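Reviewing the structure listed below.
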Amino acid sequence: MASIKICSAYLGAKEYMEPLKNEVGGILDIHGQLILSSAPAIEAFWALNIWQNPIALEIDSINDGAKKLKAIQCNWCLYSYQLHRRAKLIQEKLPHVSAKPLTFPCSPPSSQLGSWTLLEQNQILVASQCSSPFPNGEAVFEEDKEGPPSRAYLKLYEALTRMERFPQPGDFCIDAGGSPGGWAWAMQKLGARVLSVDRSPLDPKIMSLPNVVYRKGDAFALQPSDFDQVDWLFSDVISYPEKLFDWVSTWIDSGKCKNFICTIKFQGNPDYGFVSKFLEVEGSKVAHLYHNKHELTWMHTAG
Ligand SMILES: C[S@@+](CC[C@H](N)C(=O)[O-])C[C@H]1O[C@@H](n2cnc3c(N)ncnc32)[C@H](O)[C@@H]1O
């Protein structure tokens with residue numbers, strides 16, 4: 001392996017390594033959740049963090065490792081899969097990177113954060129350019145144990161933070177598949193007005209919040225012609241990606257809504273290829289968020 005150049009590396013989520021392995025070409029090795037590839041970096045949906053143009057460096061000692069990292073840039077995040085103690089000692093000699101949970105709403109961390117790992121006792125792999133601003137792609141937020149009825153709001157926090165765009169006070173949001181109400185809770189807290197549509201009811205404490213209206217039924221029956229203007233369309237509906245795409249397409253074509261966050265859910269052994277349809281919508285991003293399960297998140301703002 002030493003003679004073949006590592007051109008990219010992908011850190012995946014522990015439970016979703018298989019779809020990531022299917023996306024990445026030229027796999028040389030897999031260390032824990034880190035896939036090393038001989039091919040240039042691609043925008044792999046299932047990666048938590050993509051290491052671009054990593055380089056392998058020989059180090060003589062712990063001090064030398066820290067010195068070489070600091071010579072490249074200031075902020076580094078360790079991904080440790082072996083030789084943990086030695087790796088930790090190197091990391092401790094580097095400038096401290098805050099691991100404090102983020103307080104929503106907030107911007108993503110702005111300082112350039114590189115990633116590194118210890119490949120061997122005397123060899124490190126370093127990437128100064130990584131796709132995620134969060135350490136190892138982990139977007140960790142301060143949690144609210146009282147307000148929301150489920151932890152689903154964390155994926156909405158993460159998507160909005162990545163978009164660097166938030167519902168504003170008074171904005172009108174459609175919350176498709178909103179039960180029990182984690183997303184509705186987060187939108188309402190930002191001051192938005194929420195129409196939550198689900199076959200199942202919202203948690204009573206969400207139902208009674210001001211500016212939250214619940215409608216029982218099929219979310220896909222909602223049509224743009226029923227509304228004058230919608231500021232945000234959110235969907236966390238459990239459905240086939242094709243069905244979701246057809247529905248959101250009618251909204252995009254109508255021009256009545258500018259901002260979209262939808263989870264694309266998968267069951268069994270799905271064809272992930274269909275996801276590219278969502279990306280074809282100009283101004284779209286698709287990613288496996290840290291808080292996603294077997295699903296991807298489509299984020300879109302019309303220009
Ligand atoms: C993952 S849960 C949503 C969690 C929610 N976002 C939250 O924050 O609490 C998915 C929801 O989709 C709803 N659902 C599935 N098919 C639906 C449909 N066609 N119309 C409306 N809701 C649907 C289910 O009843 C379920 O409550």
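The values are calculated or read from the model by the stated rules, or taken from the named source; none is laboratory data. Only a predicted model underlies this, so the values are computations on that prediction, with no experimental measurement involved. Cβ coordinates were reconstructed from backbone atoms using ideal geometry, including for glycine residues, and neighbour counts include every protein chain displayed.
Looking at Y214, Y153, can you tell me which residue is more than 9 Å from the ligand (Cβ to nearest atom), modelled with pLDDT of 95 or more and among the aromatic types (F, W, Y)?
Result: Y214 is the single residue among Y214, Y153 that is more than 9 Å from the ligand (Cβ to nearest atom), modelled with pLDDT of 95 or more and among the aromatic types (F, W, Y).
Which one is surrounded by the fewest Cβ atoms within 10 Å (Cβ to Cβ), of the residues in segment 78-106 that are aliphatic (A, V, I, L, M) and more than 15 Å from N122 (Cα to Cα)?
Here the answer is A99.
With of a type outside the set (K, R), outside any loop (DSSP other than H, G, I, E, B) and closer than 29 Å to G273 by Cα as the only criterion, which of I50, I42, I90 stands out?
When all the criteria are applied, what remains is I50.
Of a type in the set (D, E) and within 16 Å of the ligand (Cβ to nearest atom): is that true of D231 in this structure?
no
Among I42, I62, I6, I55, which is the only one that is touching a Pro at 6+ places or on another chain (Cβ under 6 Å) and either in the same structural domain as L118 (by TED's automatic domain parsing) or more than 17 Å from Q91 (Cβ to Cβ) (or both)?
Step by step, each of I42, I62, I6, I55 is checked, and only I6 is touching a Pro at 6+ places or on another chain (Cβ under 6 Å) and either in the same structural domain as L118 (by TED's automatic domain parsing) or more than 17 Å from Q91 (Cβ to Cβ) (or both).
Looking at segment 175-193, which of its residues are farther than 13 Å from A152 by Cα and within 11 Å of the ligand (Cβ to nearest atom)?
Across segment 175-193, the qualifying residue is only A176.
Would you check which residues across segment 248-266 are within 16 Å of the ligand (Cβ to nearest atom) and within 26 Å of N49 (Cβ to Cβ) and list them?
F260, I261, C262, T263, I264, K265, F266
Would you check which residues across segment 195-211 are within 11 Å of the ligand (Cβ to nearest atom) and either in contact with a helix residue (DSSP H, G or I) (Cβ under 9 Å, 6 or more places away or on another chain) or of a type in the set (A, V, I, L, M) (or both) and list them?
Scanning segment 195-211 gives S196, V197, D198, R199, P201, L202, D203, I206.
Outside any helix (DSSP H, G or I), within 30 Å of L36 (Cβ to Cβ) and not acidic (D, E): does that describe Q112? Please lay out each step first, then the result.
Values: outside any helix (DSSP H, G or I): yes; within 30 Å of L36 (Cβ to Cβ): yes; not acidic (D, E): yes.
Here the answer is yes, as Q112 does meet what is asked.
Does any residue in segment 165-178 that is under 25 Å from I238 (Cα atoms) and among the hydroxyl-bearing types (S, T, Y) come within less than 7 Å, Cβ to Cβ, of a residue that is within 16 Å of the ligand (Cβ to nearest atom) and not in a loop (DSSP other than H, G, I, E, B) six or more places away or on a different chain, and which pairs are these?
Partner pairs satisfying both residue conditions: none exist.
Of these, S284, S276, which one is away from the ligand (no atom under 13 Å from the Cβ), closer than 21 Å to P167 by Cβ and not hydrophobic (A, V, I, L, M, F, W, C)?
On the way: S276 fails: closer than 21 Å to P167 by Cβ.
Selected residue: S284, the only one of S284, S276 that is away from the ligand (no atom under 13 Å from the Cβ), closer than 21 Å to P167 by Cβ and not hydrophobic (A, V, I, L, M, F, W, C).
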